[in-house]
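The values are calculated or read from the model by the stated rules, or taken from the named source; none is laboratory data. These numbers were taken from a predicted model, which means no experiment stands behind them. Using ideal geometry, Cβ is built from the backbone for each residue, glycine included, and neighbour counts are taken over all protein chains shown. Please note that ligands, DNA and RNA were not included when accessible areas were found on the heavy atoms of the full protein model with its side chains. Shrake-Rupley method; radii C 1.70, N 1.55, O 1.52, S 1.80 Å.
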Amino acid sequence: MTSAPEAIRFPYVEVPESAQALRREVRTFLAEERASGSFEPACDCWADFSEAMSKKLGARGWLGMTWPKVHGGQERSLIERWVVTEELLAAGAPVGAHWIADRQSGPQILRYGTDEQRRFFLPQIARGECYFAIGMSEPGAGSDLSSARTVGEKVEGGWKITGQKVWTTWAHRAHYAITFCRTSPQEKDRHAGFSQFIVDLKAPGVTIRPIVNLSGEHHFNEIYLDGVFVPDSRVLGEIGGGWQQLMSELALERSGPERFLSPYPLLNAFAESATPDNDAALGSMLAEVFTLRQMSRSVAGQLMTGRLPNVEAALVKDVGNAYEQRMQDIVREAQTSAAGLQAGDALQRHFECAVMRSPSFTLRGGTSEVLRGVVARALGLR
Ligand SMILES: Cc1cc2nc3c(=O)[nH]c(=O)nc-3n(C[C@H](O)[C@H](O)[C@H](O)COP(=O)(O)OP(=O)(O)OC[C@H]3O[C@@H](n4cnc5c(N)ncnc54)[C@H](O)[C@@H]3O)c2cc1C
C-alpha cells in the first residue's frame, strides 16, 4: 500500500562567519598536529582509534560542542559542529575513539537520559575520555531491528540482559554500549515493547569476541550478553519507548558528512597529482562533493530548527556512499590511462585503503536498499 508523498527539502544554509573562523582554527590545529607527526592522513579516518587525538579535541572544546555548558558542552550551533566534522574528515585525522559517543550516544543521553546520566556521562564524553559502541545489530536483525531477540528481564533493582549483538564497532575499546533489547513480548505492533540500556562493557556476563574485517583489521565484534545486570539507573529513556528512541538515534547516525567524505584524502591526493588528462574526472568528483556538502549542511540546518530530516539524511547517505565507492573506480581508470599509481606514494596508499574499506560504506548505518526504501516511502511509491 502506498502512502501520501512527503516533501523532501534541502533549503540552502549559509555558513556564518563564526563557523568560518572556527574552520580556520581547526585547520591550523590539524596542520600543526600533522607537522608534529601526531598522525598521518588516512581514508575512512573515523574508523581509526586514537585516545590521544580524542583528548586533544576534547581539550579544545570540539567534542559535545552543541551541548549545554553545564554538561561539558560549548553551546555552539550544529553548523559549527558540522564544520569541525568536515575538517577532521578532510584532514584524515584519527577520530574513531570518540566518534560514536559524540555523534549519537551523547545526544541520545542528552535527549532521553536522566539528570544523573547527563551529569555522569556527558562531561567525560566531551573531554574525549569516555567512548561508546552501538548495540543495535544482531544475527538475523540488521536492517530489520524489530526482529531483535536480545531480551531485558526485570529483576530486583534493575534488568538482566541476555542475547547477542554483532558487528559492534570498537566494543573491545569502548566503555559502554547503548543496547537495544526487547523488554516485553511481541504484540501486534512489532515496534512496541523495546527499550534501550546503557550497558557497561566491562560488566560480568559480557563477552566480546573479535571479527576481523577484509583488510585484516579488528574494528568490530560480537558481543555475548549472558544475564548481564544493568541497574535501573542505566535504563535510557522510557521502558517500552525503545523503538522511537532508536529512530532518533539512526537519524543522528546517518546524517553527517562522514557519509560522503570518508575517502576525501584520496580525492585530495588525486587532485594534487592531476594531469590535464584527468581534469574531467577530477572536475566531476569535485562537482559532486560540492553538491553533497550543500545537501548535508542543509540536513544540519534542519536539525537546528527542530525538524527530524530522516528522509533527507537517508538520501544524503545513499547518494554519498555511492559517490564514495565510485571515487576509487574513477581514480583507477584515470591512473590507468595516465601516469599510473606509484607504489608508496600518497595516492597509492589512499587508493589501497579506500579499496579495502569501501565495501562497508553501503552497509554500515543502514544499507542502500533500506535507505532507498525510506526515500521511496516518503515519495509515496511504497
Ligand atoms: C563496518 C561496519 C560497522 C558496523 N558497525 C555496527 C555497530 O557498531 N553497531 C551495530 O549495531 N551494527 C553495526 N554494523 C551493522 C550494520 O548496521 C548492518 O550490517 C546493516 O544494518 C545491515 O544488516 P545485516 O548485515 O544484518 O544485513 P541484512 O539486514 O540481513 O541485509 C542483507 C541484504 O538484504 C537487503 N535488505 C534487507 N532488508 C531489505 C528491505 N527491506 N528491502 C530491500 N533490501 C533489503 C540489504 O540491503 C542487504 O543487501 C556495522 C556494519 C559494518 C559493515
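For the reader, a short list of remarks on this structure follows.
- Residue that is nearest to the chain's Cα centre (by Cα) [pool: residues in the stretch 218-257 that are of a type in the set (D, E, K, R) and modelled with pLDDT of 95 or more]: 222
- Residue count for the stretch 137-175, restricted to those that are within 16 Å of the ligand (Cβ to nearest atom), of a type in the set (Val, Ile, Thr) and in contact with a Cys (Cβ under 8 Å, 6 or more places away or on another chain): 2
- Put simply, of 357, 382 the only residue that is at pLDDT below 95, of a type in the set (Lys, Arg) and either touching a Leu at 6+ places or on another chain (Cβ under 9 Å) or more than 30 Å from residue 308 (Cα to Cα) (or both) is 357.
- Residues that are open to solvent by less than 40 Å² (accessible area, probe 1.4 Å), basic (Lys, Arg) and more than 22 Å from residue 244 (Cβ to Cβ) within the stretch 163-199 are absent altogether.
- In a residue-by-residue description of the stretch 4-19, the property of being surrounded by 14 or more Cβ atoms within 10 Å (Cβ to Cβ), more than 30 Å from residue 382 (Cβ to Cβ) and in contact with a Gly (Cβ under 6 Å, 6 or more places away or on another chain) applies to no position.
- Qualifying residue in the stretch 188-211 (condition: touching a helix residue (DSSP H, G or I) at 6+ places or on another chain (Cβ under 6 Å) and in a loop (DSSP other than H, G, I, E, B)): yes
- You will find that of 292, 282, 261, 266, the residue that is more than 25 Å from residue 122 (Cα to Cα), among the hydrophobic types (A, V, I, L, M, F, W, C) and in contact with a Cys (Cβ under 6 Å, 6 or more places away or on another chain) is 266 and no other.
- Test: residue in the stretch 133-144 that is assigned to a helix (DSSP H, G or I), of a type outside the set (A, V, I, L, M, F, W, C) and open to solvent by 40 Å² or more (accessible area, probe 1.4 Å): no
- Residue check: residue 377 meets all listed conditions (1) away from the ligand (no atom under 15 Å from the Cβ); (2) assigned to a helix (DSSP H, G or I); (3) open to solvent by 40 Å² or more (accessible area, probe 1.4 Å); (4) farther than 26 Å from residue 215 by Cβ but one, namely (1).
- Matching residues in the stretch 360-373 - criterion: being farther than 17 Å from residue 260 by Cβ and either open to solvent by 30 Å² or more (accessible area, probe 1.4 Å) or modelled with pLDDT under 95 (or both): 369, 370
- Matching residues, the stretch 98-127, being buried (at least 22 other Cβ atoms within 10 Å of the Cβ) and either aromatic (Phe, Trp, Tyr) or in the same structural domain as residue 168 (by TED's automatic domain parsing) (or both): 99, 121
- Whenever a residue of the stretch 225-240 is part of a helix (DSSP H, G or I), its partners that are open to solvent by less than 30 Å² (accessible area, probe 1.4 Å) and among the aromatic types (Phe, Trp, Tyr), lying with C-beta atoms within less than 7 angstrom and at least six residues away or across chains, give the pairs 234/197.
- Selection count, the stretch 108-136, where residues are closer than 24 Å to residue 60 by Cβ, within 16 Å of the ligand (Cβ to nearest atom) and in contact with a Phe, Trp or Tyr (Cβ under 8 Å, 6 or more places away or on another chain): 2
- Residue match in the stretch 214-222 (condition: exposed (fewer than 13 other Cβ atoms within 10 Å of the Cβ) and among the aliphatic types (A, V, I, L, M)): yes
- Any hit, the stretch 337-357, residues being assigned to a loop (DSSP other than H, G, I, E, B), within 16 Å of the ligand (Cβ to nearest atom) and open to solvent by less than 50 Å² (accessible area, probe 1.4 Å): no
- Within the stretch 270-323, considering residues that are among the aromatic types (Phe, Trp, Tyr) and surrounded by 14 or more Cβ atoms within 10 Å (Cβ to Cβ), the one farthest from residue 377 (Cα to Cα): 270
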